[in-house]
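Shown next, in structure tokens, is the structure this report addresses.
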Amino acid sequence: MAAYEPSFAQEVSGKVDFGDEIKMCMQCGVCAGSCPLRDQMDYPPRQIFSLVRAGKREEVLGSKAILLCTSCYTCVVKCPRKVPVMDVMHGLAHYALAQGYVSRKDTASFGQEFWKQVYRLGRVDEKDLPRRVFFADGVVNGIKKMLDFMDVGIKLLLHRRMKLLPERKIKGIQSLRKMLDKAEKKGKGGTEA
Amino acid sequence: MKYYLYWGCSLEGTGANFLQSLRPACEALGMEFEEIEDWNCCGASVSYAGASDLAIKVLNARNLAMAEAKGNYDIVAPCSSCYIQLIKVNHEIKENPDLLKQVNDCLAEGGLHYKGGIRVRHIQDVLYNDIGVEKIRARVTKPLNGLKIAGYVGCQSVRPYGEYDSTVKPVVQDRLLAALGAEPVPFAKKISCCGSGIFLPEMDYCMGLVKDILEDALGHGAKLVSTVCPMCAMNLEMYQDRINKKYGIQLDVPIVYLTQLMAVAFGLDLKKDAALDRNVIPPEAILKEAVG
């Protein structure tokens, strides 16, 4: 039997946003039971927390579960120990991606491109975002995915639910970036943490 | 009554019918709106993939600080995601004053400071608690005459804080629908998640969620499904044909914003004010038949 290995739990507690909340988990499984995508997860949240405690770094950071959170807050509301389960999952996903683990390619690039746009413009360009996500996986796949999504694009266009002009930068973009840069330096979960 | 309106990125695009109907419907009730000048995106629910939690907090605190510096109105956020992102900062700094200090250290880079005094409200909260169902009922000139509507609440407009409604058995949307003359139908999937921001990249996994929600609503006799969230509207409305193909079913139910229904019941223009022509699955015939 392997010895108890606390180093990963310490790493998570110190470097992952909301990582220290895991210590409150009593393994009841209400989070797993309430999660809309539990059936698609390799390890539901309860098991993720258990794996953190068991020092299973690869299993946790490489799990698809941490990138399958729909942010519905059901687990947050239901946890009897008041663990902000959703925030912990987001924190683990952020940390895992910064460490080079990418268990769900499309969802990872969707979130990363979303943030890049926020940083670049201060706003999100809804038509530009899917395009960037589709092409994150190479040109051939990009064209395939784009064609596959064409019907939705056309529906939106025909019903004037797509902003035609490209999104412009907000006026205070430079100062917003300075604020965000400082936050990233102070915040948890990045590669510098 | 005057409010800041923080409509966010989606309401200028995929949720355009929400913003177009929200203004005239709310103004008909005496609400006045002011934009937060040079507002930024809230980061929605997927930014964690690229940003630390503190950066997302600072992003939202910028909007709050700019609003606070300019006037003492509550912020109304019609988009559930914008709402939850803004309100989360307020809640977390209340529990953790050190966080407010950290946020302000970052805001100072742009010459801003947030004292923590701005109240963030959901549109349902304001309609229900500030305006009230009596006043709304009194404004109705074309009641929806018992039209069966499933009021889909979804997630982020009530969870996790439950500021103005129950997180497990919400009633506000149904009471607002009833004030318009509609008959809200009870259905269990009312607060089940539609897949939210990850519907697009995880479509195979999320289509089943939407299928279950819509079948539950239809099974209870709903002719329309109403919503107050641009992500829910997008996910529920735009992929019905794909869901039909995948599961061999026949979904074809219009998804309308609560504010569109208000505009209709207030006797406002069906196109200019209710923006019904911007819905992909047309609700116009059903609504015209109901109001007679």
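Calculate the mean, over all residues of peptide B:206-213, of how many other protein chain Cβ atoms lie within 10 angstrom of the residue's Cβ. Mind dumping the intermediate values first?
Working: counts 5, 0, 4, 4, 0, 0, 1, 0.
That average works out to 2.
At 37 °C and 0.692 mPa s, what whole-number value in µm²/s does Stokes-Einstein give for the translational diffusion of the stretch B:2-122, with Rh from the Kirkwood sum over Cα pairs? Walk me through the intermediate numbers first.
On the way: Rh = 14.7 Å.
Diffusion coefficient, whole number: 223 µm²/s.
Compute the distance in nm between two label points, each set 7 Å from the Cα along the Cα-to-Cβ direction, one at B:Met1 and one at A:Arg168.
In this crude spin-label approximation the distance works out to 3.4 nm.
Where does each of A:Met86, A:Met162 land when they are ranked from fewest to most other beta-carbon atoms within 10 angstrom? Present the calculation step by step, with values, prior to reporting the outcome.
On the way: A:Met86 26, A:Met162 18.
Ranking A:Met86, A:Met162 by Cβ neighbours within 10 Å, fewest first, gives A:Met162, A:Met86.
Go from 0 up to the bin containing the longest alpha carbon distance in the stretch A:7-98, width 5 Å each, and give me the % of pairs per bin.
Pair shares across the bins are 3, 17, 30, 29, 17, 5, 0.
About the Cα centre of the protein assembly as shown, what is the dipole size in debye to 20, counting +1 per Lys and Arg Cβ and -1 per Asp and Glu Cβ, all else neutral? Present the calculation step by step, with values, prior to reporting the outcome.
Working: 64 positive and 57 negative charges, 37 e Å.
Rounded to the nearest 20 debye, it is 180 debye.
On C-alpha positions alone, give me the angle between the axis of helix B:80-95 and the longest principal axis of chain B, in degrees, nearest 10.
That helix lies at roughly 40 degrees to the long axis.
Can you give me the Cα centroid spacing of the stretch B:186-238 and the stretch B:21-69 in angstrom?
After rounding, the separation between the Cα centres reads 25 Å.
What fraction, in whole percent, of alpha-carbon pairs in chain B exceed 25 Å separation? If you can, show how the numbers build up before the last one.
Details: 19601 of 42486 pairs.
Summing the P(r) tail past 25 Å for chain B gives 46 percent.
Along Cα→Cβ, 7 Å out, is where each label goes; now give me the distance between the ones at A:Leu158 and B:Glu92 in nm to one decimal.
My value for the distance between the label points is 4.2 nm.
At a Cα cut-off below 20 Å, give the aspartates and glutamates reachable from A:Lys169, other chains included and same-chain residues fewer than 8 away excluded.
The reachable aspartates and glutamates, counting only those whose Cα sits under 20 Å from A:Lys169, are A:Glu113, A:Asp125, A:Glu126, A:Asp128, A:Asp181, B:Glu12, B:Glu35, B:Glu37, B:Asp38, B:Glu109.
With label points built 7 Å along Cα→Cβ from the Cα atoms of B:Lys135 and B:Lys101, find their separation and express it in nm.
Simple spin-label model gives 4.2 nm for this pair.
First measure r as the distance between the Cβ atoms of B:Asp277 and B:His113, then evaluate 1/(1 + (r/R0)^6) with R0 = 41 Å and state the FRET efficiency to the nearest 0.05.
0.40
Does a label point 7 Å from the Cα of B:Ala285, set along Cα-to-beta-carbon, have any residues of the stretch B:215-258 with amide nitrogen under 13 Å, and which are they?
B:252-254
Which ordering of A:Thr74, B:Thr227 is given by a fewest-first count of other beta-carbon atoms within 10 Å? Intermediate values should be presented prior to the final figure.
Working: A:Thr74 25, B:Thr227 28.
If I rank by nearby Cβ atoms, fewest first, I get A:Thr74, B:Thr227.
Convex hull over the alpha-carbon atoms of the stretch A:105-186: what's its volume per residue in Å³? Walk me through the numbers on the way to the answer.
Details: hull volume 8.5 nm³, N = 82.
Cα convex hull per residue, to the nearest whole number: 103 Å³.
Using only Cα atoms, find the angle between the long axis of helix B:16-27 and the longest principal axis of chain B, and express it within 0 to 90 degrees, rounded to the nearest 10.
The answer is roughly 80 degrees.
Of A:Glu11, A:Glu184, how do they rank once you tally other Cβ atoms within 10 Å and put the fewest first?
Numbers: A:Glu11 16, A:Glu184 21.
Placing the least packed residue first, the sequence is A:Glu11, A:Glu184.
Lone cysteines in chain A, defined as no other cysteine's Cβ under 4.7 Å from theirs: which are they?
Within chain A, the cysteines lacking a partner Cβ under 4.7 Å are A:Cys25, A:Cys28, A:Cys35, A:Cys69, A:Cys79.
Summarise the long-distance tail of P(r) for the stretch A:30-168 by giving the % of C-alpha pairs beyond 20 Å.
Working: 5438 of 9591 pairs.
Taking all Cα-Cα pairs of the stretch A:30-168, the fraction more than 20 Å apart is 57 percent.
Read-outs: derived from the displayed coordinates by stated rules, not from any lab. Note that the coordinates shown come from a computational prediction; the quantities given were computed from them, not determined experimentally. Here the Cβ is made from the backbone with ideal geometry for all residues, glycine too, and neighbour counts use every protein chain on show.
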